[in-house]
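S.K.: Dumping the structure here so I can ask a few things about it.
The values are calculated or read from the model by the stated rules, or taken from the named source; none is laboratory data. Computed from a prediction, not measured in an experiment: that's the story for all the values here. Here Cβ is always computed from backbone atoms with ideal geometry, including for glycine, and neighbour counts include all displayed protein chains.
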Amino acid sequence: MEEPEVAKFADGPSKRTESNGYAAAFSLQEVTENASAPSSAKPLKINRDLLLYNMRQKRQKARRVKSPKVRQTLLQEVEDGLMKCMGQDPTDGRSYVSLGKHYVSLGRLEDAKRVYEDGTKATRGENAYIWQAWATLEFKRKNVKQARKLFDAATVADKQHAAAWHGWGMLEKSEGNFKRARDLFVKGIRYQQPQSPNAFLYQSVGALAAELGRPDEARQWFEEACNMGLGKSSPAIWQSWGLLEYSQGNLLEARQIFKSGLDKHPKNRYLWLAWADMEAKEGNGERARRLFDKGHSFNRKDPALLQAWARLEGSVGDTEKARKLFGMGAKVDPQHQPLWQAWGIMEWKVDNIEKARELFQKGVWVSPDSKDACKLFQAWGLLEAQEGNVELARSLFKCAVKVDPRSSPSWQAWAQLEERIGNLIRANELRSYSLQSRIEEASNLDLSPTAATGDSLFVPIVKRLSHWLSSPLDTKQKRLPPKKIDPATRQSSL
């Protein structure tokens, strides 16, 4: 493996202003000076262990409190405590990782980056956990090239660092580099000690093989993982294996695998959801209901279980029960966008158009630039196309493909709209955008939250939607006669 290109980072202290809380309280110069101090001057490690534990507990408490003032006080205490821990021993990488993750959770990404950069210098580049945390941050910020270098640095610092191999593999998978992702997962597995294999690596390489149409290879990875005892710590392995067998038509085997997984992880929501959803697809409504009910009893605050259960009830015509379940899910987690989309589609199917619009709107405004929003925009666009609202439908499809340029159904839906109104050349152009070569160009559009106030192409669309939502429909705008959408087309937007 080549040496990571990390030499470009400045050797000296970073220049920062007093407005930067981290920099004002703790500079790199202080870190390096303290790092060279005699080890006898450092507090006992057990004291740092206790301080780190207390800060972790305090951060969890801050997530639960309802008072914004109390939450802010707790979060500030966490920051101060982690800085204190960092000052006690600047060579202890745990302090940098904890403080960086704390900043990430607050959205202070630049502060997190500076913490990780200072940490790599204070630990002389030998702490894989800091490199891996920094790489994860850059991946989150879509700095793929930089994230690769940092994951590489993490594996150089410690070739047995499973999280680095796993994170790097997931990055390559997200970029469509499946062979590279597989190689990284396998390399991570090979570097692990025989007595401490990593469940995430086995699950990920097995799931990747399944996605690439290699069921035998995937089954081999899952079986090997369970034979090594990893199934005791990883419900994801059982879930992925069960879904694999179901995809291959092995219903009985899938049931047995889900059951085995739940025997070891009786409260795992993903296993309950996967099994219940499988039974619903097979038309076993009563069995699916029992599984949804049991899973919900263990996971009262999980919206995905309620959403899937509601879809089952809606599919058999029990609209009122479905509405009740959707409502419970929305109350539990109003940020869960797939629930708003599924609920909106159900209302559309029963011709409750205004309610469907309202639900799509609520779902979109949760996070207009997330990939989950793409399906909301697409479904909403299909609804407006059916109702003959051409301009609005076009704007919604445009939003969908800007949020997720890889969404082929959104490109196709937009192309079908243009084709329907006679814009055949434009329709063909839009279909070409679903090709990978054109997707990469579209992916460079600025879709960050700050773009909503800048000059991004996304801005006029959001403004158009905001105007439409705050005023009655303009009956003079270009409209087409209402056209019923085939139920299968509606379902495709799920």
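S.K.: Return yes or no: is ARG182 buried (at least 20 other Cβ atoms within 10 Å of the Cβ) and either in a helix (DSSP H, G or I) or not assigned by TED's automatic domain parsing to the domain that holds GLU117 (or both)?
M.R.: So ARG182 fits the description; yes.
S.K.: Considering only residues that are surrounded by fewer than 24 Cβ atoms within 10 Å (Cβ to Cβ) and aliphatic (A, V, I, L, M), look in the stretch 394-422 and name the one that is farthest from HIS336 (Cα to Cα).
M.R.: ILE421
S.K.: Working only within the stretch 395-413, note down all residues that are small (Gly, Ala, Ser) and under 18 Å from the mean Cα position of the chain (by Cα).
M.R.: Within the stretch 395-413, ALA400, SER407 meet the criteria.
S.K.: Can you report the number of residues in the stretch 246-259 which are surrounded by 15 or more Cβ atoms within 10 Å (Cβ to Cβ) and over 25 Å from the mean Cα position of the chain (by Cα)?
M.R.: 6
S.K.: Quick check on my filter: what residues within the stretch 40-89 are outside any helix (DSSP H, G or I), modelled with pLDDT of 90 or more and surrounded by 14 or more Cβ atoms within 10 Å (Cβ to Cβ)?
M.R.: Matches in the stretch 40-89: ASP89 only.
S.K.: Taking the condition of being under 22 Å from the mean Cα position of the chain (by Cα) and either assigned to a helix (DSSP H, G or I) or farther than 21 Å from VAL205 by Cα (or both), how many residues in the stretch 150-176 meet it?
M.R.: The qualifying residues number 15.
S.K.: Say whether the condition of being of a type in the set (Ser, Thr, Tyr) and in contact (Cβ under 8 Å) with a residue 40 or more places away in the chain is met by at least one residue in the stretch 153-169.
M.R.: Yes.
S.K.: Shifting gears a bit: Looking at the stretch 359-383, which of its residues are part of a helix (DSSP H, G or I), over 16 Å from ALA415 (Cβ atoms) and of a type outside the set (A, V, I, L, M, F, W, C)?
M.R.: GLN361, LYS362, GLY363, LYS371, ASP372, LYS375
S.K.: Scan the stretch 309-321 for residues that are hydrophobic (A, V, I, L, M, F, W, C) and either surrounded by 24 or more Cβ atoms within 10 Å (Cβ to Cβ) or outside any helix (DSSP H, G or I) (or both) and jot them down.
M.R.: Within the stretch 309-321, TRP309, ALA310, VAL316 qualify.
S.K.: Within the stretch 400-413, track down each residue that is farther than 9 Å from GLN378 by Cβ, part of a helix (DSSP H, G or I) and not aliphatic (A, V, I, L, M).
M.R.: LYS402, SER408, TRP411, GLN412
S.K.: Ok, one more. Is it the case, given these coordinates, that ASP158 is crowded, with 21+ Cβ neighbours inside 10 Å, within 23 Å of ARG48 (Cβ to Cβ) and of a type in the set (D, E, K, R)?
M.R.: Taking the combined requirement at face value, the residue does not satisfy it.
S.K.: Sort out which residues of the stretch 46-87 are over 13 Å from SER98 (Cβ atoms) and either touching a residue at least 40 places away in the same chain (Cβ under 8 Å) or small (Gly, Ala, Ser) (or both), and write them in order of number.
M.R.: Matches in the stretch 46-87: ASN47, ALA62, SER67, GLY87.
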